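The values are calculated or read from the model by the stated rules, or taken from the named source; none is laboratory data. Remember, predicted model here, so these are calculated numbers, not experimental data. No Cβ is skipped: glycine too gets one built from the backbone with ideal geometry, and neighbour counts run over all protein chains shown. All accessible areas refer to the heavy atoms of the entire protein, side chains included, with ligands and DNA or RNA removed. Shrake-Rupley method; radii C 1.70, N 1.55, O 1.52, S 1.80 Å.
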Amino acid sequence: MLGEFTQLLGCSEPSLKRQFEAWGQKTFRAKQVLQWVHQRGHSDLNAMTDLAKPLRERLATHFPLTDPVVISDHVAADFTRKWLFEVGGGNGVETVFIPERRRGTLCVSPQVGCAVACSFCSTGAQGFNRNLTSGEIIAQVWLARSLLLGDTKPSPIRLAQATLPDSGQAFDADEELETSAEADGSHTRPISNVVFMGMGEPLQNYEATLEALTTLLSDHAYGLSRRRVTVSTSGVVPMIDRLARDCPVALAVSLHAANDDLRDRLVPLNRKYPIAELMKSCQDYLQHAPRDFITFEYTMIKGVNDQLDQAKELASLLSSISSKVNLIPFNPFPSSGLQRSDATQIRRFSEVLLQQGIRVTIRKTRGDDIDAACGQLAGEVVNLTKRRKQA
Ligand code: SAH
Ligand code: SF4
C-alpha cells in the first residue's frame, strides 16, 4: 500500500503551514519538510536533521510511515515505463513515464477506474471504485521520481511479484503539450512535465486534484511551471470554471465529436454538459490559461468519427476559439469492439483541419506493447458501480 506516508505527500505548502501553525511551529519549517520530501526524496523523518527532534516525532505520529508497494514495473521497447501501484482494497492504479529527448512526461491517475464510462476507453470499461487522495496522486510522482533516479535511500520500496494480471493504461507522448526545452532547466530533471491523463477524470476528483496541483507547482516541492502541468478532462464544465480561478494549468479537453448526438454516445457526460456549454467554458478558461490555446483531444475511431465531413464540422466548431487539435489514433483493448482509423484517413482528416486554419498534430503512440498507450490503462479496479454489477 502507498500507506500513510501519502498523507504527508498529499499536504500542499499552504496545508502544511496551517498544520504547523496549529502546532505553534514556525511556518518556514513546512518549507523545509517539503524540500526534504519532494526535492531530496526522503521519507525517513529522522534524516531531516535541520528539524528539532520533538517536531520530527510529532510529524511521525501525525503522518506514520509505511512502505509503498509497486506491484509491477514494465519498460516498453520505446522506453516508456509503466508502474502499477497498490492503493489498497485490491485496487491498483497505473502511472506512465514517457521519456523524450528534451523532456520526461509523467502521466498520473486521479481515480481508481472512472465513472464517466466513455465507450472507447479501457479505464471506463473497468468501472469505478474511488477517488484517490491528493497524497496518492503525489505519491505517483514521488515514487516515479525515486524509481527513475534509482534512488534506494527513501523508505524501502518493495517490488511485489506481479501477481495481478497486467493491463495498464497508456499515454501517448503528446508533442502538442510541450515542444521546447525552457530556460528553467526543467528538462534536465527526470520528470519535467506532468499530465493528468491516466486512469480517471481529474475534475470529478476536484479537491484532491487541486491540492496535488498546488504541490506540483510549489517552488519548495516540484517547482513545475503551469505550462508543464496539464489537466485533461472529458468536460466537467463547472469544474473547468473553478480550475480557471483556483489553479489555471494547461487544459486539454477530450472532445472526440463535434455534435451532441455523437458525443452523447462517445462521452456520456456530454448529456449533462453539452458541447455549447463546454465551448463557452473553454473560451472563459483562455483568459486564465498559461497558454493561448486549449488543446482538444480527438480519438480517431474507424467509421465512427473519422469522416472528412466530420473534420469540417470540427473545424467549424473550433473556428471561434484558439485551439490545437490533437488527433489520437484509437488504441484498441479487448471488448471495445472498435477499430483504429487508418493512417491515411487520419492524415486526410488532419489536412481538412489544417485547410480550415486549425492547428493540428497527430499523437505518436507510445508504450502500446506494454498497454501503456492512451486509453489502454486499466489497472486493478474493484468496481463498485451498479452499471458493472448489473453487467
Ligand atoms: N479522463 C480524462 C483523462 C484521461 S484519458 C479525459 O478523458 O480527458 C486521456 C486521453 O486518452 C483522453 O483524451 C481520452 O479520451 C483518450 N482515450 C481514452 N481511451 C482511448 C483509447 N482507447 N484510444 C486512444 N485514446 C483514448
Ligand atoms: Fe474516464 Fe477519460 Fe476514460 Fe472517459 S476517457 S472513461 S473520462 S478516463
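For the peptides 134-143, 27-36, the ranking by packing is 134-143, 27-36, with the highest mean count of neighbouring Cβ atoms within 10 Å listed first. Measuring against 26 Å, Cα to Cα, the residue pairs K82/K280; K312/K364; K17/K53 contain K82/K280 as the ones spanning a longer distance. Taken over the C-alpha atoms, region 258-391 has Rg and Dmax values of 16.2, 47 angstrom. Region 197-238 and region 358-381 have Cα centres separated by 19 Å.
What shape does region 326-391 take by its C-alpha gyration tensor, where a ≥ b ≥ c are the square roots of the eigenvalues and a/c under 1.5 counts as rounded, a/b above b/c as prolate, and the rest as oblate?
Judged from the Cα gyration tensor, region 326-391 comes out prolate (a/c at least 1.5, a/b above b/c).
Computed with a 1.4 Å probe over protein heavy atoms only, the accessible surface of region 329-391 comes to 55 Å² per residue. In region 283-343, the C-alpha radius of gyration followed by the widest Cα-Cα span (Dmax) gives 14.1, 41 angstrom. Each of the peptides 94-101, 223-230, 239-246 was scored by the mean count of other Cβ atoms within 10 Å over its residues; in descending order, highest first, they stand as 94-101, 223-230, 239-246. A protection proxy built from the mean count of other Cβ atoms within 10 Å ranks the segments 114-127, 332-345, most packed first, as 114-127, 332-345.
Quick check for you: with a 1.4 Å probe and neighbouring chains kept, what is the accessible area per residue of region 90-153, in Å²? Before the final figure, lay out each step's value.
Working: 1770 Å² over 64 residues.
Value for region 90-153: 28 Å² per residue.
In plain terms, if you count all Cα to Cα distances in the chain and split them into 10 Å steps from zero, the share in each step is 5, 24, 34, 24, 10, 3, 0 percent. Rolling a 1.4 Å probe over the protein heavy atoms gives region 250-290 an accessible area of 42 Å² per residue. Please report how far the C-alpha centroid of region 24-64 lies from that of region 241-320, rounded to the nearest whole angstrom. Between the Cα centre of region 24-64 and that of region 241-320, the gap is 43 Å.
Here region 210-368 has 47 percent of its accessible surface on carbon and sulfur atoms, given a 1.4 Å probe and all protein chains in place.
Rounded, prolate or oblate: which fits region 51-135 when a ≥ b ≥ c are the square roots of the eigenvalues of the alpha-carbon gyration tensor, with rounded for a/c under 1.5 and prolate only if a/b beats b/c? Verdict is oblate for region 51-135.
Which Cys residues of the chain have no other Cys beta carbon under 4.7 Å away? C11, C107, C114, C247, C282, C374, each lacking another Cys Cβ under 4.7 Å. In this structure, the amide hydrogen of T80, modeled 1.01 Å from its nitrogen in the peptide plane, lies closer than 5 angstrom to those of G367, counting only residues at least 5 positions away or on a different chain. For the chain, the relative contact order is 22 percent, taking Cα pairs closer than 8 Å that sit 6 or more residues apart in sequence and dividing their mean separation by the residue count. The long axis of helix 237-246 is offset from the longest Cα principal axis of the chain by roughly 40 degrees.
Look at the dipole of the chain built from charges on Cβ: of P14, P238, M300, the Cα furthest out on the positive end belongs to P14. To put it simply, the accessible area of region 114-154 at a 1.4 Å probe is 53 percent carbon and sulfur. Here the label points at D260 and D284, each 7 Å from Cα along the C-beta direction, are separated by 1.8 nm in the simple model. For V195, the residues 5 or more places off, or on other chains, whose built amide H falls under 5 Å of its own are L106, C107, V108, T230. Residues with amide H under 5 Å of V360's amide H, sequence separation 5 or more or different chain, H placed in the peptide plane at 1.01 Å from N; which? Under 5 Å from the amide H of V360 lie the amide H atoms of V325, each far enough along the sequence or on another chain.
The apolar share of the surface of region 1-110, taken as the fraction of accessible area on carbon and sulfur atoms (1.4 Å probe, ligands and nucleic acids excluded), comes to 50 percent.
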